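Engineer: Structure provided below as structure tokens; questions to follow.
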Amino acid sequence: MKPILLQGHERSITQIKYNREGDLLFTVAKDPIVNVWYSVNGERLGTYMGHTGAVWCVDADWDTKHVLTGSADNSCRLWDCETGKQLALLKTNSAVRTCGFDFGGNIIMFSTDKQMGYQCFVSFFDLRDPSQIDSNEPYMKIPCNDSKITSAVWGPLGECIIAGHEGGELNQYSAKSGEVLVNVKEHSRQINDIQLSRDMTMFVTASKDNTAKLFDSTTLEHQKTFRTERPVNSAALSPNYDHVVLGGGQEAMDVTTTSTRIGKFEARAVPGAYGGSQARGPVIATAAGLRPSHSNSGSEPRLRPTPQLMAMPDP
């Protein structure tokens, strides 16, 4: 397959995500732009305009009616996917680092950074209650007193969220009570990324401790470890094959001064059951989708569709 170059950002990409069907690709970057593309041919479908700072996270609900974004402009915004109209603006005291829709698309969560004297929080809003949106008051707010949340996803059936922390901890928070249901620490350094399998029974973590690990999404039981020579910035589980895709390496600031192979600035596709590298390429972070997916080298705001796997620059 001939690669297709997608260029729609002025600064380095921070996250890319497919919708459930895999026909749309959403990209955000350190510029205020949120793009959506047709994954089959790389055509840009549209742009969501409204943020005034770097956009750190993006998510689409189950039926791709709504899009959620979180930004360094201290806001989380809800969009109509088809028209690009901004439906809600939720203001925060610090940058929004992670965001996501629950299984039914009715409840959203987002986490904020610990900065400028403000604590890290996870906020939950029920979109069926307009008063929560109008008053900017979530129905539940979970404080994170220790290390801040660096990655978070919804667990199976929207009953909990799974959060990775700066100190390497994994917490499972109840979406109803906010209590910590399960706590494990299998990583020794910051968890950079968490991504679920298509059936939501497993998830993979990527960490600065040079490993990616596979967990059961209900019990947080550790299943397998994938070891590398350098920090892992992102990891994804293929929805079509029994593969785990890892992306990582040297810091982005050092990319232009050293060889990519010297710095281990690359991605690897490994069998989920046995480990062992199958493919390599100069990329930083990864995600996998049902459609042809994308890879990116260095810190340029570009995406290249490749047969199976997707990657992006380090935020």
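Engineer: Among the residues of the range 190-227, how many are of a type in the set (Val, Ile, Thr), touching an Asp or Glu at 6+ places or on another chain (Cβ under 9 Å) and surrounded by 19 or more Cβ atoms within 10 Å (Cβ to Cβ)?
Structural biologist: Residues flagged as of a type in the set (Val, Ile, Thr), touching an Asp or Glu at 6+ places or on another chain (Cβ under 9 Å) and surrounded by 19 or more Cβ atoms within 10 Å (Cβ to Cβ) within the range 190-227 amount to 4.
Engineer: Moving on to the next point. Check the range 19-30 and report whether any residue there is free of Cβ contacts under 8 Å to residues at least 24 places away in the same chain and out of contact with any helix residue (DSSP H, G or I) (no Cβ under 7 Å at 6 or more places or on another chain).
Structural biologist: So far as the range 19-30 goes, no, none of its residues is free of Cβ contacts under 8 Å to residues at least 24 places away in the same chain and out of contact with any helix residue (DSSP H, G or I) (no Cβ under 7 Å at 6 or more places or on another chain).
Engineer: Identify the residue in the range 205-225 that is among the β-branched types (Val, Ile, Thr) and touching a His at 6+ places or on another chain (Cβ under 8 Å) and, among all such residues, is farthest from Glu166 (Cα to Cα).
Structural biologist: Taking the candidates together, the pick is Thr211.
Engineer: Out of curiosity, is Val40 within 17 Å of the chain's Cα centre (by Cα) and of a type outside the set (Gly, Ala, Ser)?
Structural biologist: Answer is no for this residue.
Engineer: So if I check each of Ser174, Ser151, which one is modelled with pLDDT of 95 or more, of a type in the set (S, T, N, Q) and in contact with a Cys (Cβ under 8 Å, 6 or more places away or on another chain)?
Structural biologist: Ser174
Engineer: Tell me the residue from Gly42, Gly100, Gly104 that is closer than 21 Å to Pro156 by Cβ, of a type outside the set (Lys, Arg) and in contact with a Leu (Cβ under 8 Å, 6 or more places away or on another chain), please.
Structural biologist: Checking each option against the conditions leaves just Gly100.
Engineer: Given the conditions (1) without any contact (Cβ under 8 Å) to a residue 12 or more places away in the chain; (2) buried (at least 21 other Cβ atoms within 10 Å of the Cβ); (3) of a type outside the set (Ser, Thr, Tyr), and given that Trp56 satisfies all but one, which numbered condition is not satisfied?
Structural biologist: So the condition that Trp56 fails would be (1).
Engineer: I've got another one for you. Any idea which residue in the range 162-182 is farthest from Leu196 (Cα to Cα), counting only those that are in a loop (DSSP other than H, G, I, E, B) and not charged (D, E, K, R)?
Structural biologist: Looking at the filtered set, the residue picked out is Ser177.
Engineer: State all residues of the range 77-92 that are buried (at least 20 other Cβ atoms within 10 Å of the Cβ) and either over 15 Å from Leu45 (Cβ atoms) or modelled with pLDDT under 95 (or both); if no residue qualifies, say none.
Structural biologist: The answer is Arg77, Leu78, Leu90, Thr92.
Engineer: Restricting attention to the range 109-118, and to residues there that are touching a Cys at 6+ places or on another chain (Cβ under 7 Å) and over 18 Å from Lys176 (Cα atoms), which single residue is surrounded by the most Cβ atoms within 10 Å (Cβ to Cβ)?
Structural biologist: Thr112
Engineer: While we're on this one: Scan the range 127-140 and give yes if some residue there is crowded, with 20+ Cβ neighbours inside 10 Å and in a strand (DSSP E or B), otherwise no.
Structural biologist: There is no residue in the range 127-140 that is crowded, with 20+ Cβ neighbours inside 10 Å and in a strand (DSSP E or B).
Engineer: Which of the strands (runs of 3 or more DSSP E) found entirely inside the range 33-93 contain at least 2 residues meeting this: farther than 13 Å from Lys17 by Cβ?
Structural biologist: Values: elements: 34-38, 44-48, 55-60, 66-71, 75-80, 86-91.
Ranges flagged: 44-48, 66-71, 75-80, 86-91.
Engineer: So which of Phe203, Phe215 is out of contact with any Lys or Arg (no Cβ under 7 Å at 6 or more places or on another chain), more than 21 Å from Val58 (Cβ to Cβ) and not in a loop (DSSP other than H, G, I, E, B)?
Structural biologist: Numbers: Phe203 fails: more than 21 Å from Val58 (Cβ to Cβ).
Going through Phe203, Phe215 in turn, the sole match is Phe215.
Engineer: Sticking with this structure for a sec: Check Val204, Val182, Val153 and return the single one that is touching a strand residue (DSSP E or B) at 6+ places or on another chain (Cβ under 9 Å), closer than 25 Å to Ala88 by Cβ and touching a residue at least 24 places away in the same chain (Cβ under 8 Å). Break it down stepwise before answering.
Structural biologist: Numbers: Val204 fails: closer than 25 Å to Ala88 by Cβ; Val182 fails: closer than 25 Å to Ala88 by Cβ.
Among Val204, Val182, Val153, only Val153 is touching a strand residue (DSSP E or B) at 6+ places or on another chain (Cβ under 9 Å), closer than 25 Å to Ala88 by Cβ and touching a residue at least 24 places away in the same chain (Cβ under 8 Å).
The values are calculated or read from the model by the stated rules, or taken from the named source; none is laboratory data. Because the structure is a prediction, the values reported are computed rather than measured. So basically every Cβ, Gly included, is an ideal-geometry build from the backbone, and we count neighbours across all protein chains shown.
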